[in-house]
Structure formats: structure tokens, C-alpha cells
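Below is one structure, written out as C-alpha cells; the observations come after it.
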Amino acid sequence: MSEFKNLYNILKKNLLVKYNYNFFIPELWLEKNSTQKINVNPFEFFCERFERILELSKATPSGGDIVYNLFARYATAFDHLGNGDFLNSPTDTFRPTGTFLKSIAILPYLKKLGVGTIYLLPVTSIGKYGKKGNLGSPYSINNPYKLDENLAEPVLELTVEQQFKAFIEAAKLLDMKVIMEFVFRTASVDSELALQHPDWFYWIFDTKEEFRPPIFDEETLKLIKHKIEIGDFDNLPSPGSEYLNKFARTPGKVSYSSNGKIIGHTDDGRILTIPSAFADWPPDDNQPLWTDVTYLKLHNHTEFNYIAYNTVRMYDTRLYQQQYVNSSLWEHIRQIVPYYINNFDIDGAMVDMGHAMPDELMKSIIEEARIIKPNFIFWEENFTVTSKSKQEGYDAVLGYVPFDSHICWKMKEIIRNFENKVFPIDFFLTPENHNTKRSASRKGGTDFSKMIWLVLSFLPSIRFIHNGFELGEQLPVNTGLGFTEDEIKQFPADKLPLFSALSLNWESSDNLVSYIQQVNSALEKIKSHLQISKFENFELLDTSDNILAFIIEKKILCIANFSSERVELPIKELPVEDEIYHFDIVHHSPEKVENSLSFEAFSGSVFILQ
């Protein structure tokens, strides 16, 4: 029996069980464009959602083209009991934090949104020692072969693996692919792997002081950056002796201390610990310390027994040789993706910092996966869009749209690049991800989000929704990229969903759900009307600084106003010879424009040229 059916049967058996508590859910989870929450019998609700999935699967379940980035623990968190507690609940109820079961329940909602691929942030087991917030980061991975137990509903009395399988099966019933994110070069500082394989980790003498990255003087920094820029990895400058002397050889004996910290013991009785990590490039990066994770020791070389830019990313040529490969660790890493293909039938992998992995190791990871599943998808968390990623076997990269989409001149550059056909690989068309500011928190709020979603929907790459974008969510998941030091201070770990139990604003009255559905419908209608299957040919128009305008296939005109002022654009100022018809996104009714085009602040429109 499939785990989806097994889970459904368990839910049905509990329909007769009397429950005596409130269980609130957002009506959006029932595919209703509502901002209300309703009180339901949880077993009836979940049964109905499973039946809805089965009903939809019997129709022609063609998958949508949107990727939905699901942080499972956060996306389906909700104050079900109405007590304001997103962390705790009685043992006989369902978790307030997000779970695989609740992720199954929202799949029909996501399908209606046009989603065809679910991209999961890490769902593996999380370390406890040094954790940030009250839940810890999903990137602080205790064991990549184990799933996070908190994503299971204990009341169902099924393992987390069974509930994850049910989620995968449910997605496939709706013709949705499932992509998992994997972290290969770091682990939690209390990783259970260190007990079995201490040689996979770096060790330092325990001095009770906070471990900090090496500091390079200005002259050395300049030399380091120059050598990396020109691709010279020979004899890269190493940290000073004071830093190097903090590191020790692999201990012969390793154990957990009373507080859950992993410690090693030297032959002469000294205590060793596993050092925490830090941003490895550039060497003077000011990101906060990564206190909950450590770098894995991918190479063994007595002269490079330390963590620095030249040992964990920009590998010195003296270290980057076959005889120094930590072979047992590499094999462990190589088999992670095959394990999830064979046991859960996932469809793809997003590789965290894949460009920082040794080339040979990354190549073998991709090859091993595609031996099992030839069409297995690989995405790279790379902000550049180059042919190198394509050559290395990736199908798409994250790209730089999340960092540039709110700046008009940068969006013009992106359109110009589409016009010149310079992009060698697909990338994500999204104004936000889990490390950036929320789109709705930028100037223009949800008006800007609607405008940029319309623009991105008419570009030929991968449309991408980071969970909460469609709700107009303003709280960032993490402050990893593009935040000032003052902004970082405003969002400590207990206020960030990446580390603590929080919920999306499912009851927001200013969401984009209907608008996204309307754009999807309009896009399909326009393509059908103009008999265009794929957007390939673009022309960027010369306009004022705050106006983005471009023509697609000589038939579609897209214009967006990035300013906070209303703009009137006379038709005679546009280099367009055809008659212009405004295409109403809601009613799908083209209407001829006679004299000028009007744009409210942070608004966009689509026109048909005939």
C-alpha cells in the first residue's frame, strides 16, 4: 500500500474519535480566496484534502510552470488552537509548526496557484547545540540521511519517513515535481557523524573563547583577492600562526559532554571541540558568525589543518590533489542524493553553495544521481548566470533577479540580455528568496510585488514563488543577503522564521493570490490568441529612468512604472507603429488605446500590438 493511502486510512479511522479542542485553519487552504480563518474538525479537514487530491488526479493533472519554494516547517505553521503559541501543543493534537501532513493539505491550493514544482528548503535533522532561535536552522544538519522529526505529526503514529513519502506521492498525483535542497560541505557542530568519523571534521583546542575567523591585513587581503581574481591558486596566503595554532589533530576519543557539546580527547588529556563556521569569501566578509554549523574536512593535509578561504572554497593547489582527498567523507556525500531518489523518488536537487565544492566531487554527485534517474534535475545556488554552470551539469541557477528586480535600470539590463540572447542557462524569476528582503517590504509594497510579478511572468525562464510572496508577507525568513547591519539587528534569531517558530500571514487582506491566478490565465490567453508557444525575441524600448518597456515577438508590449508617482506616457513617444490594445488582466478584454497610456505608481500593464 502506498504511504499516501496508508495515511489517508489512518485519518479516516480517526473520524469517529471525539475531539474537544478548536482547530483553526486559513480558508485559503481550502482553495478559497478568503482572508478568514475557520474552525474545523482536523480529521475531516485532512480527509477532505486527501480526497480533493485524488479528485484532481483523475482529471488531466498537467503541472503548472511555477516553482514554489516551500519551507515546510514555516509555510504551514498556524495558530490552530487560537492561543498564540506557534511552538507547543498538547500531545493529542496536531503540531502548530508546519509538517508534511499540512504540506500535503495545501497542495491543491498550490496547484490552483499554477505551481508545478515544489522546492523544499532542507528537511533533514537539525543540530541542537548552539542552535539559533527556538527551533534551529534547517541548514544546521545533524545527519543528512535523517529527516527532521518535527516535520511529522506524532498523533498519526507514523514515522517521519512514511509521512514524507506520503507527501511525495501526493505531489506526484498532482503532476508536481519535488526538488530537495542539499547542503554538502557543512554540518551541525554537534553532528552525530563526528562520533563515528571524527576525521571528517576540524578540531580546535577548547579555550572557552568564541572561535572567530582569521584576520588578514590590508596588504594580504589585496593579494588574496588579486590571486583569486586571476585564477592563481598557487601558494595562497595562509592565516597567521596564532590562528593556525588553535587547530589540533583528529582526536582518538570523541564523546558528547553533559550539555550536548561534542568534545574530543587528546592523548595527553587536553579537550578539543569542533569549531563553528563563518562566511568563507571574501576573507573580510562581515556576515555574523555561523555558530551552529561547521565545515566538513574535505581534504586531509597536515599543512592545511585549518578552516580558511583556501581550505574550504578557494582550494590551494597544494591541497587540491587526489592524494589528499578525504575519500570516506566524499563517498558519504556522493550517496546522499541517490539515497533520497531510491527511498523517496524525489525529482531533483538544489545544491547549496555547489560552486564552492571541489569540481570532481560535484561532478560525481551529479553523475551518481543521473545513473539512477537520467532526467534528475540539478539547480545551483549561484548568483551568476554563466555557461560554466551549464557545462557542470546544472539545469538552472538561482541567478540575480532577487537582488535586482526592484531597480529599474537593472531590470532594463536583464531585458537587454534577453534581447541579445546572452543567458546560457535558466534562472529564477523572483523578486525574493529566503535570504533576501521580502518583495512586499520594499517601496511600493504589494503594488510593487504585483507589478514585478507581471513583468517576470512575461520573461522566458523559471517563474518562482518563495512561500509567502503570494500573501504579501513582509517578514524576511533570514537576513543573509542585502541587509544593513542596523537591519540585521532588527531581526534577531527569535524573530526570524529560519530559526524560530513563526507563521506566515495567511489572513492578510492584501495578498496576491487572485492576482497571480489572473496573470496565469491572461498569459495563457495571450499565448493562445497570438499563437505563441514560447517567448524568445525581445526588444527593450528607450524610456525614462523609472519606466521599463519592452516588446515580445513584435506582438506584446509590457510596461511597468517603477516610480512612486502616476505617469502618463503619450503613445507618440513609443517607437511603435502598430495600434495598441490594452489587455485587461482580470477580464481578458483588449481595448484600443488612442492617445496615451496611464500608469499608477508601481503598476504594470500588458498591451497587444496589431
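What follows is calculated from the coordinates using simple rules that are stated; it is not laboratory data. What you are looking at is a predicted structure, and each value in this text was computed from that prediction instead of being measured. Virtual Cβ from ideal backbone geometry, glycine too; neighbours counted across all protein chains shown.
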Here, Asn375 and Gln335, labelled 7 Å along Cα→Cβ, have an inter-label distance in nm of 2.9 nm
One finds the C-alpha centres of region 95-132 and region 174-191 to be spaced, in Å, by 12 Å
In order over region 294-301: 3J(HN,Hα) from phi, Karplus 6.51/-1.76/1.60, θ = phi - 60°, whole Hz, x for each Gly or Pro, gives 9, 7, 6, 8, 6, 10, 10, 8
Bridge orientation stat for the chain from DSSP, antiparallel percent rounded to 5, came to 65 percent
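Report the charge-dipole magnitude of the chain in Debye, nearest 20, computed about the Cα centre from +1 at each Lys and Arg Cβ and -1 at each Asp and Glu Cβ. Walk me through the intermediate numbers first.
Working: 61 positive and 82 negative charges, 262 e Å.
So the dipole magnitude of the chain works out to roughly 1260 debye.
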Straight-line reach check, Lys525, cutoff 19 Å on alpha carbons, 8 or more apart in-chain or any other chain, hits among aspartates and glutamates -> Asp65, Glu536, Glu553, Asp584, Glu591
In the structure shown, of Lys128/Lys443; Lys253/Lys297; Lys225/Lys443; Lys5/Lys495, the pairs separated by more than 26 angstrom at the C-alpha atoms are Lys128/Lys443; Lys225/Lys443; Lys5/Lys495
Distance in Å, no decimals, from the C-alpha centre of region 1-39 to the one of region 502-524 is 22 Å
Stretched fully, the stretch from Gln322 through Asn595 gains (0.36 nm per residue minus C-alpha distance, one decimal, in nm) 91.3 nm
In Å, the C-alpha Rg and Dmax of region 193-329 are 15.3, 49
Expressed in angstrom, Rg and Dmax over the Cα atoms of the chain are 25.8, 88
Between the alpha carbon centres of region 222-250 and region 533-567 the gap in Å comes to 47 Å
With a ≥ b ≥ c from the Cα gyration tensor eigenvalues, square-rooted, and the rule rounded for a/c under 1.5, otherwise prolate when a/b > b/c and oblate otherwise, region 82-230 is prolate
Residue separation between Gln196 and Thr159 times 0.36 nm, minus their alpha-carbon distance, gives in nm 10.9 nm
For the chain, the charge dipole (Cβ of Lys, Arg +1; Cβ of Asp, Glu -1; about the Cα centre) points to a positive end, and the Cα of Trp290, Leu541, Asn310 closest to that extreme belongs to Trp290
Looking only at lysines whose Cα falls under 18 Å of Lys373's and that sit 8 or more positions away or on another chain, we get Lys165, Lys172, Lys177, Lys363
